[in-house]
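Notes follow the structure.
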Amino acid sequence: MTDIEGNIRYLRQQIPQSVKIVAVSKTKPVSDILTAYNAGQRIFGENRLQELQTKRDQLPSDIEWHFIGHLQSKKVKQIVQHAAMIQSVDSFRLLSVIDKVALRAGVVADCLIQFHIAREETKFGFSPEEAIEMFRSADFKNMRNVRIRGVMGMATFTDDMEAVREEFRLLKKWFTTIRNDFFQEKNEFSEISMGMSGDYLVGIEEGATIVRIGSLIFGERG
Ligand SMILES: *Cc1c(COP(=O)(O)O)cnc(C)c1O
């Protein structure tokens, strides 16, 4: 049996108060999420719309749901309604759709821009050039219903923590450049989401403000 409560307590001791923990509950049952909730955890991360909706309907309403998976345009509407933050905005096109959908819903959607920092081609995200091109564009400047809160990245899946550290440093560097060039008067651009069960300590050392932790809280996924 995984000691979810003990795991959360342990992590809270390891991690500075200023760093937010997103408990990644994908594939895990509602009962596990409730155990974490009763241990004080309030932010949970899911990567599939259907799963997020089903769980959200059965759980306390003060849970903050973060969407952390690749998002298809046709699913944006429900995600905008149900998620407090979309951490995985991986294209200009997707951000445009989010803006339009949020406008229609009369809300402002909190988003992180996902950067491709890993060696693996399979991972999604912007290059710094693509992001700069987007932030410079008139289309971006005209968006009123998205609030860019910062950046997110997933390091290469490896035991080589020095390689991971280099990738996180790169993400921090791009964050700083983009903040200075495009978000100087916007304090809301302040979040760096980096670090998972295997590399969260490195993420924090390199400046993470959000870590996304699944298996270290809920146990390995089947
Ligand atoms: C699954 C997932 C995590 C959590 O992974 P663990 O290694 O179980 O902590 C974090 N971020 C994203 C984007 C994920 O898909």
Notebook entry, point to check: Cα-Cα over 30 Å: which of K77/K173; K20/K186; K74/K141; K75/K123; K55/K172?
Noted result: K77/K173; K55/K172
Next item on the list: Could you rank the peptides 81-87, 157-163 by their average count of other C-beta atoms within 10 Å per residue, with the highest value first?
Entry: 81-87, 157-163
Next item on the list: Can you tell me the FRET efficiency between L201 and A84 if r is taken as the Cβ-Cβ distance and R0 is 30 Å, rounded to the nearest 0.05?
Entry: 0.70
Next item on the list: Grab the Cα-Cα distance for R147 and E220, subtract it from 0.36 nm times how many residues apart they are, and report the gain in nm with one decimal.
Entry: 22.9 nm
Margin query: Suppose each label sits 7 Å from its Cα in the direction of the beta carbon; what would the D62-S31 distance come out to in nanometres?
Written below: 2.5
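Using the beta-carbon distance between S73 and N180 and R0 = 45 Å, what value does 1/(1 + (r/R0)^6) give for FRET efficiency, to the nearest 0.05?
Numbers: r = 31 Å, r/R0 = 0.69.
FRET efficiency, S73 to N180: 0.90.
Just so you know, all these numbers are worked out from the coordinates, no wet-lab data involved. Please read all numbers here as calculations on a predicted model, not as lab measurements. Every residue, glycine as well, gets a Cβ built from its backbone with ideal geometry; the counts of neighbours run over all protein chains shown.
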